[in-house]
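Data block below; observations after.
The values are calculated or read from the model by the stated rules, or taken from the named source; none is laboratory data. Bear in mind the structure is a predicted one, so any value in this text is a computation, not a measurement. Backbone-built Cβ (ideal geometry, glycine too); neighbour counts: all protein chains shown.
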Amino acid sequence: MILVGQYDSPYTRRVAVSLHMLGIAFERDMRSVFGDFDSMRSTNPLGRVPSLILGDGTALIDSSAILDWLDEQVGAERALVLPVGLARRQALQRMALATGVNDKVMAIAYEQLIRPGPYRWPDWVARCRTQATSGLAAMNAQSWPADARLCQAWITAACTIRYVRLAMPDLLPEGRYPALDAVSRRCEALPAFQSCYPADYAVPKSA
Ligand SMILES: N[C@@H](CCC(=O)N[C@@H](CS)C(=O)NCC(=O)O)C(=O)O
């Protein structure tokens, strides 16, 4: 199976970390959503990453759908999101907060990196910053016990933290959100995270 996308994408990275955690081997396709836009759309019509190309050529798109498929493959015992109950609901809520933060930080990054200067809209950037900040504060307010099973909520949160620190470090300085610092420390120390560490935040090739 082939994972399409680079690890500066928090969505691609959470799939890569999950593959490592589940012990599923994969190859990589490093095409860029900006530099390889036309070819990317032949894999995902939306021209986005991640995609996971299966052995029969089927391309799964969208990290949530890919992660859901991986959980189904490994079965309920090993699944990274529990199949039912309160723990599942809480995990999905944390993942929604983290991916929401990704989306807001990404919107700011695209505004600053891609949109030509005269067309930038400071009020929009300010709104996205407010949304990302309150999402991070809400993530920080959750309980993250250090001995909790390392499930998808942790993986997704840690990938978000790393992404924010690469793309917009002033939103998440060390010490502002102690619970998130601890989540990041615990996760980033693991081989599954270290084997897919993002390079410096990449400015899109076309920007
Ligand atoms: N909901 C999607 C979001 C994926 C996403 O936003 N990917 C970004 C890279 S991190 C992307 O492809 N951006 C290019 C674009 O949207 O044009 C997922 O979970 O996979």
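The C-beta contact set for region 40-53 (first residue buried (at least 22 other Cβ atoms within 10 Å of the Cβ), second residue among the basic types (Lys, Arg), distance under 7 angstrom, 6+ apart or interchain) comprises Met40/Arg31. Here Leu86 fulfils each of the conditions (1) more than 12 Å from the ligand (Cβ to nearest atom); (2) more than 22 Å from Tyr197 (Cα to Cα); (3) touching a Leu at 6+ places or on another chain (Cβ under 9 Å) apart from (3).
Number of residues in region 24-58 that are farther than 12 Å from Gly5 by Cβ and out of contact with any Lys or Arg (no Cβ under 7 Å at 6 or more places or on another chain) equals 14. Taking region 145-178 as the range and being more than 18 Å from Gln131 (Cβ to Cβ) and surrounded by fewer than 14 Cβ atoms within 10 Å (Cβ to Cβ) as the test, the residues that pass are Pro145, Ala146, Asp147, Ala148, Arg149, Pro173, Glu174, Gly175, Pro178.
Of the residues making up region 110-130, those that are more than 15 Å from the ligand (Cβ to nearest atom), of a type in the set (D, E, K, R) and surrounded by 13 or more Cβ atoms within 10 Å (Cβ to Cβ) are Arg127, Arg129. Condition (residue is out of contact with any Leu (no Cβ under 7 Å at 6 or more places or on another chain), of a type in the set (A, V, I, L, M, F, W, C) and not in a loop (DSSP other than H, G, I, E, B)) applied to region 163-171: is it met by at least one residue? Yes, that holds for at least one residue.
Of the residues making up region 1-31, just one is closer than 19 Å to Glu72 by Cα, near the ligand (Cβ under 9 Å from one of its atoms) and either of a type in the set (A, V, I, L, M, F, W, C) or assigned to a loop (DSSP other than H, G, I, E, B) (or both), namely Val15. As a summary of the residue check, Gly35 satisfies the conditions (1) out of contact with any Cys (no Cβ under 7 Å at 6 or more places or on another chain); (2) modelled with pLDDT of 95 or more except for the one numbered (2). How many residues are out of contact with any helix residue (DSSP H, G or I) (no Cβ under 7 Å at 6 or more places or on another chain), not aliphatic (A, V, I, L, M) and not in a helix (DSSP H, G or I) if we restrict to region 176-198? Residues in region 176-198 being out of contact with any helix residue (DSSP H, G or I) (no Cβ under 7 Å at 6 or more places or on another chain), not aliphatic (A, V, I, L, M) and not in a helix (DSSP H, G or I): 2 in total. Listed conditions (1) buried (at least 21 other Cβ atoms within 10 Å of the Cβ); (2) more than 14 Å from the chain's Cα centre (by Cα) are all met by Arg14, apart from (2).
Among the candidates Ala87, Ala96, Ala107, the residue that is surrounded by fewer than 19 Cβ atoms within 10 Å (Cβ to Cβ), of a type in the set (A, V, I, L, M) and farther than 25 Å from Gly5 by Cα is uniquely Ala87. Of all residues in region 89-108, those satisfying the criterion of being more than 21 Å from Cys151 (Cα to Cα) and within 11 Å of the ligand (Cβ to nearest atom) are Asp103, Val105, Met106, Ala107.
Checking each residue in region 32-64 for being of a type outside the set (Val, Ile, Thr) and near the ligand (Cβ under 9 Å from one of its atoms) picks out Phe34, Phe37, Met40, Asn44, Leu46, Gly47, Arg48, Pro50, Ser51, Asp62, Ser63, Ser64.
Within region 106-155, the set of residues being under 21 Å from Ser18 (Cβ atoms) and either assigned to a helix (DSSP H, G or I) or of a type in the set (Asp, Glu) (or both) comprises Met106, Met139, Asp147, Gln152, Ala153, Trp154, Ile155.
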